[in-house]
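What follows is a set of notes on a single structure, which appears directly below.
What follows draws every value from the coordinates through simple rules; no lab data is involved. Please read these numbers as outputs of a predicted model, since none were measured by experiment. Cβ atoms come from the backbone with ideal geometry, glycine included; neighbour counts cover every protein chain shown.
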Amino acid sequence: MKTTVFLGGGRITGALAAGLRLAGDRREIVVYDRHPEKVRALRRESRVEVARDLKSAIERAEMLIVAVRPRSVKEMLREVEECGAMPGLCVSLAAGIPLKNLRAWLGRPARWVRAMPSPVCRMGRGLTGICFDRLVRKQERNQVWELFARVGQVIEIPEQKFDAFTVTYSSSHGYHALTTLARAAQDAGLDRATALTAAAHALADGIHSWRESGVGLEELLEEAATPGGIAATTMAAMNRAGYVRAVRSGIRAGVEQARKNARR
């Protein structure tokens, strides 16, 4: 039985473990966290095993997944090195930490993969971007791809484009857009529950229609925005107010922050 070991028992570990179990994956999942009490709920939900210590967890790992906050990665890898049990195939879920840093912080025999899974992988509908270090073997690439494919779509991204992907695909865009649209609807007179329902359908239905219809976005926008109509007037006013500039500015700021994280 394959053993997949997570270092860190936070939200993304919980989402991946739940998504794997939902997909019928019966692999052994071992979780190490400095605060074992955090993992108790995860153990009940997804039948994971809580590692008693870091060394014993690493010794069992066919695949080691580093799922701690970016600012904690270097310290965690130092602890891994100090425990004397060196892993082989390692996957980092830390945003903004490039392969060169991971190689410097934990050298051979570790072979590194970067992955960015969406929290929606809990429901089997996630999206994961991955990129591989040149030392990762073909069989190991297949192992990583197969794991994330069980919880949603997988796409391989060149590392030089990985930060842009990370910033763009985040589900936080959906939360932010939903919150902003619903608040504007409340200002226009809707009660909060109705505003949230209307805004959620506006976003989700539009995306679902685009994905299922096979029609291009430009054509859908042209169809929806009849000249002189409500939708056309609404979108034109949003653009004049700086909507397009704001989104581009946000993406640029996120990419720059990822690059700052890499220099720490």
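Judged by the gyration tensor of its Cα atoms, with axes a ≥ b ≥ c, segment 64-155 is prolate; a/c meets the 1.5 cut and a/b is the larger of a/b and b/c. Residue by residue, segment 68-77 carries 3J(HN,Hα) couplings of 10, 4, x, 6, 9, 5, 4, 5, 4, 5 Hz when phi is fed to the Karplus relation 6.51 cos²θ - 1.76 cosθ + 1.60 (θ = phi - 60°); x denotes Gly or Pro. The angle between the Cα long axis of helix 192-213 and the main principal axis of the chain comes to about 80°, on a 0 to 90 degree scale. Here is how the number arises for the chain: DSSP H runs of 4 or more residues each give -39500 (n - 2.57), the sum is divided by the residue count, and the result at 222 nm is -16500 deg cm²/dmol.
Ranked highest first by average number of other Cβ atoms within 10 Å, how do 56-64, 243-251, 44-52 line up?
The peptides rank, most packed first, as 56-64, 44-52, 243-251.
A cut-off of 5 Å between modelled amide H atoms, ignoring neighbours fewer than 5 places along the same chain, links Val154 with Thr128.
Percent of Cα-Cα pairs per 10 Å bin, from 0 to the last occupied bin, for the chain, please list those. P(r) over the chain, rounded to whole percents: 6, 25, 30, 20, 13, 5, 0. Amide H contacts of Glu28 (H built 1.01 Å from N, in plane; Pro and chain starts excluded): Lys2, Thr4 sit under 5 Å, all sequence-distant by 5 or more or on other chains.
Each residue in Leu147, Leu54, Leu7 was given a count of other beta-carbon atoms within 10 angstrom of its own, and listing them fewest first yields Leu54, Leu147, Leu7.
Just to be sure I understand: if I project the alpha-carbon convex hull of segment 172-262 onto a plane and average over all orientations, what area do I get in nm²?
7.7 nm²
For Ser92, the residues whose amide H sits under 5 Å from its own are Val66, Val113, Arg114, Ala115, ignoring neighbours fewer than 5 places away on the same chain, with H placed 1.01 Å from N.
Among the listed pairs Lys38/Lys260; Lys55/Lys161; Lys100/Lys138; Lys74/Lys161, those whose Cα-Cα separation exceeds 24 Å are Lys38/Lys260; Lys55/Lys161.
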